[in-house]
Amino acid sequence: MQLGMIGLGKMGGNMKLRLEKAGHQVVGYDRNPDVADVGSLAELVEALEAPRAVWVMVPAGEATRSTVAELGGLLAEGDIVVDGGNSRFTDDGVNAAALAAHGIGYIDAGVSGGVWGLTEGYALMVGGAEADVARLQPVFDALKPEGEFGFVHAGGVGAGHYAKMVHNGIEYAMMQAYAEGYELLEASEYVDNVPEIFKSWREGTVIRSWLLDLMDRALTADPELSKVKGYVEDSGEGRWTVDEGIRLRVPLPAITESLFARFTSRQEDSPAMKAVAALRNQFGGHAVKSE
């Protein structure tokens with residue numbers, strides 16, 4: 001099958017390679033001319049045979065919105081656009097409606113796999129019309145991991161990115177749990193070899209996972225994580241998941257706390273903890289550390 005791929009960074013570039021290894025023809029466009037096959041979106045569309053399918057793999061937000069809008073003026077009736085970035089699900093309905101006015105289909109695809117996707121495959125959560133998804137199924141089959149799982153048609157437009165949002169919210173909480181366990185083990189006077197404990201958990205335990213495997217990999221490379229600063233960004237999906245919990249009145253304590261923990265990591269000296277220390281000093285005379 002023929003596909004256009006817009007955005008050839010760490011994810012998009014590897015997805016292009018995986019598709020080409022599976023026998024698909026991929027025409028790629030990127031702002032970096034060194035990795036692009038064509039010099040513009042117009043050239044990309046011109047290089048594809050109708051009916052066309054174009055996969056957008058650029059940063060969420062304005063970059064994706066403007067790319068989809070430009071494609072709306074270049075593509076023709078019967079073509080399909082796939083947004084495979086981490087867009088907020090509320091953007092999907094707007095994008096789909098704008099493209100539908102030109103007779104262009106729209107699929108939102110949540111993609112998980114990171115830098116390992118080229119060899120291990122990408123988990124795909126897609127939303128859109130049944131006919132559009134069925135038409136691109138050969139592409140999804142080539143990108144997904146081998147085996148029974150790794151792909152889902154989650155529902156209509158927006159469902160793919162919604163599923164990916166929740167996936168990433170769960171990921172926040174899982175990483176936080178591993179991190180807190182690591183800190184407790186490091187603090188304990190009973191434990192001598194924290195990296196080997198994490199390694200031992202990789203087989204036979206109920207907490208084994210790919211994230212645990214990656215934690216073991218990180219500790220093998222740097223047993224005390226001395227080369228890593230405890231500063232963690234959030235890319236948006238965790239916030240959106242918490243927002244949805246509030247909107248739908250669904251309690252999400254673990255996911256919410258894992259998001260707030262990331263905020264704490266960005267403070268050199270937490271004002272909230274200063275207030276707690278001051279209060280403990282006031283009511284109990286507990287010692288405080290001065291600046």
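What to note about this one:
- Within the chain, antiparallel bridges make up roughly 20 percent of the DSSP beta bridges whose residues both belong there.
- Accessible area of LYS274 in the full protein assembly, 1.4 Å probe (Å², nearest 10): 100 Å²
- Across the alpha-carbon set of the chain, the Rg to Rh ratio works out to 1.06, Rh being the Kirkwood radius.
- Just checking the listed ones, ALA261, ALA69, ALA275: in the Gaussian network model of the chain with Cα springs under 10 Å, the one fluctuating most is ALA275.
- Filtered GluC sites (Glu not before Pro), segment 38-104: DSSP coil and at most 14 other beta carbons within 10 Å: GLU49, GLU77
- Within the listed set GLY128, GLY150, GLY110, the residue fluctuating most in the Gaussian network model of the chain (springs between alpha-carbon atoms under 10 angstrom) is GLY150.
- Of the cross-linked pairs LYS16/LYS199; LYS229/LYS274; LYS199/LYS229; LYS16/LYS164, those separated by over 30 Å at the C-alpha level are LYS16/LYS199.
- In segment 115-157, the GluC sites (Glu not before Pro) that fall in loop regions by DSSP, at most 16 other Cβ within 10 Å: GLU146, GLU148
- When HIS102, HIS24 are compared by accessible surface with a 1.4 Å probe, the order from highest to lowest is HIS102, HIS24.
- Debye-formula intensities of segment 1-138, expressed as log10 I(q)/I(0) at q = 0.11, 0.12, 0.14, 0.15 Å⁻¹, are -0.34, -0.41, -0.57, -0.66 (one equal scatterer per alpha-carbon, no solvent).
- Rounded percent of accessible protein surface that carbon and sulfur make up, segment 126-174, 1.4 Å probe: 61 percent
- Choice from TRP116, TRP240, TRP201 showing the highest fluctuation, given a GNM over the chain with Cα pairs closer than 10 Å: TRP201
- Segment 231-291 and segment 1-69 have Cα centres separated by 40 Å.
The values are calculated or read from the model by the stated rules, or taken from the named source; none is laboratory data. Just so it is clear, the model here is predicted, and its values are computed rather than measured. Quick reminder, even Gly has a Cβ in these numbers, built from the backbone with ideal geometry, and neighbours come from all protein chains shown. Calculation scope for accessible area: heavy atoms of the full protein, side chains included, ligands and nucleic acids excluded. Shrake-Rupley method; radii C 1.70, N 1.55, O 1.52, S 1.80 Å.
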